[in-house]
Each structure stands twice: as C-alpha cells, then as structure tokens.
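Each remark here refers to the structure printed beneath this line.
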Amino acid sequence: MLRPVSLGLLILAAVSAANAQVGGIVKKATGQVTKKTDSTQTAAPAAKPKCDPSSMVISNDVVDRYLQALNAQSAAVQTLAKQPGATGAYYSAVLQRQAIQKRKDEFDQQQGPDWAKHQAIQKRLMAGDTTAIRDQVALSQSLDPYSVQIPQLDWQSQQNASAAMDSTMRTAGGFSPCDWQDLGER
C-alpha cells in the first residue's frame, strides 16, 4: 500500500520539478526577446577577441599557410635545440629520436641506406662471415629510437617553448589569433 502512494509522490515531485525548469527556460527566453540594448552603455574592451569558430573556411590557401606554419615550427625546434641548458638538451634529444625514427620507418619499408647495409650484411652472413653478426647487432641498435634518452624538462620551460613555437607558427602562417585558435580546435 505504501508503494503506490510513494510512487505517486515521486511522479508528482518529478512533474513539479519539470514545470519549474520549463518556467525558468521560458522566463530566460522572454528576457532575451524583450531585452533592449542601451546605447548609452559602453562595452569594456575584452582581453581576448571574440572568435567565431565558423569564420574560417579550410581552403587550399589555408592549407598552404598551415604548411608554412609547420615548417616554421620545425625551424623553431631546431633553434630551441641549439640553446644552452636543459631546454636545448631536451629538444636536441627529441630531434635525435625523430631522426632515428625516420631512418627506422624507411628501413621498415625496405628502403634507404640502412636497408642497403642490411642487405649487404645478410649476404655476408649467408657466405658464412661470422663477423657480420656484430655489424647486424650494431645496425639494429642504431635503428632504435628509444636508445636516445630524453632528459626531463621542467613544466615552465616546456610551456615557454610551446608558447614560442605556437606564436612562431601563427605568425609564419599569417593567421589571426581567432583563426589560429579555430585551427587548433579542429
């Protein structure tokens, strides 16, 4: 007997809450429709420009400019790698690891000088040259991108470097702050 009564109270409470929410929505909508702009009020300047995410259309020009931005990023990383101290060591190690990964990817596709070296070593091994084993091991180790240890970099240095690269990329691509933000969100 208590269950039908408690079920009825539960439904009544839910209907009341729904009516209250609908009333609030109607009140807000009415306020938006009847709101009049006061021409005597001056708007305070905003710290950031108001960006419309639909303002930029991805076209061939935008893609070309983004590619310019990526080239600028690569140059910025090269510059950071030459800095003395922890930031330089960090980005230098990142670049070394990327270079090894590029070599490994090329090798995995059975292309490039490392693949040719591998083929020559295989011929030597097939001919019974046991000294080629050392060369094979050395080649394998040289193609391991994780052999390069990337040193720790403090958070603030990472943030500063990231902000510098972001600014360089935006400027090189000729993007407005809003368009750059829009590209980053896509």
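Within segment 76-121, the set of residues being open to solvent by less than 80 Å² (accessible area, probe 1.4 Å), over 25 Å from residue 134 (Cβ atoms), assigned to a helix (DSSP H, G or I) and without any contact (Cβ under 8 Å) to a residue 12 or more places away in the chain comprises 88, 92. Selection of segment 134-165 for residues being open to solvent by less than 70 Å² (accessible area, probe 1.4 Å), over 15 Å from residue 99 (Cβ atoms) and not small (Gly, Ala, Ser) yields 135, 136, 139, 151, 153, 158, 165. Checked against (1) open to solvent by less than 60 Å² (accessible area, probe 1.4 Å); (2) outside any helix (DSSP H, G or I); (3) at pLDDT 95 or above, residue 175 meets all criteria but (3). Every condition in (1) modelled with pLDDT under 95; (2) over 27 Å from the mean Cα position of the chain (by Cα) holds for residue 61 except the one numbered (2). Residues of segment 133-146 include at least one that is of a type outside the set (Gly, Ala, Ser) and part of a loop (DSSP other than H, G, I, E, B). Which ones in segment 122-133 are aliphatic (A, V, I, L, M) and surrounded by fewer than 16 Cβ atoms within 10 Å (Cβ to Cβ)? Correct list: 125, 126, 127, 133.
The values are calculated or read from the model by the stated rules, or taken from the named source; none is laboratory data. Here the structure is a predicted model, which means the values were calculated and not measured. Every residue, glycine among them, receives a Cβ derived from its backbone with ideal geometry; neighbour counts consider all protein chains shown. For accessibility, only protein heavy atoms count, side chains too; no ligands or nucleic acids. Shrake-Rupley method; radii C 1.70, N 1.55, O 1.52, S 1.80 Å.
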